[in-house]
1. Could you give the nm distance between label points at Glu72 and Glu90, where each point is 7 Å from its Cα heading toward the beta carbon?
2. For the full complex of protein chains and a 1.4 angstrom probe, list Leu19, Leu89 by accessible area with the highest value first.
3. Full-extension gain between Ile36 and Ile62, please, as 0.36 nm times their residue separation minus the C-alpha to C-alpha distance.
4. List, in order, the whole-Hz ³J(HN,Hα) value for each residue of region 63-77 obtained from phi through the Karplus relation with A = 6.51, B = -1.76, C = 1.60 and θ = phi - 60°; use x for Gly and Pro.
5. Rounded to two decimals, what is Rg over Rh for region 21-62 when you use alpha-carbon atoms and the Kirkwood radius?
6. How much of the accessible area of region 50-91, probe 1.4 Å, is carbon plus sulfur, in whole percent?
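The values are calculated or read from the model by the stated rules, or taken from the named source; none is laboratory data. In this text, all values refer to a predicted model and were calculated from it rather than measured experimentally. A quick note on method: Cβ atoms are made from the backbone with ideal geometry, for glycine too, and the neighbour counts reach across all protein chains shown. Just the protein is used for accessible areas: all its heavy atoms, side chains included, with ligands, DNA and RNA removed. Shrake-Rupley method; radii C 1.70, N 1.55, O 1.52, S 1.80 Å.
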Amino acid sequence: TYIGSIVASVNPYKSIAGLYDCAAMERYSRHHMGEIAPHIFAVANECYRCLWKRHDNQCILISGESGAGKTESTKLILKFLSAMSQHSLELSSREKTSSVEQAILES
């Protein structure tokens, strides 16, 4: 559940199919935090949006008891940020290519 911009989560101690896959990353990348169910990808997406869209520095604090899933949560956030950064690079590359192709076509 969310507590403001904080997500409180529980380590299920097992894998849950579909919870952290590419489809989940895609779903949370298209929504702002609070629009759909609470998820660590929603927090990561908000961080990514603030960092790259608004140029605001970001920090994510992950806290919990031993065995609570802090390391796994960190890995999931890094997985999401990496995927979003790669996606942005691919879009940027395509836009540059399109601009070059357009310039060639116009000459």
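1. With each label point 7 Å from Cα toward Cβ, the separation is 2.7 nm.
2. Largest accessible area first, the list is Leu89, Leu19.
3. Taking 0.36 nm per residue and subtracting the Cα distance, the gain is 7.2 nm.
4. Values per residue, Gly and Pro as x: 10, x, 6, 4, x, 6, x, 4, 5, 5, 4, 4, 4, 5, 5 Hz.
5. Answer for region 21-62: 0.97.
6. Percent of accessible area from carbon and sulfur atoms in region 50-91: 56.
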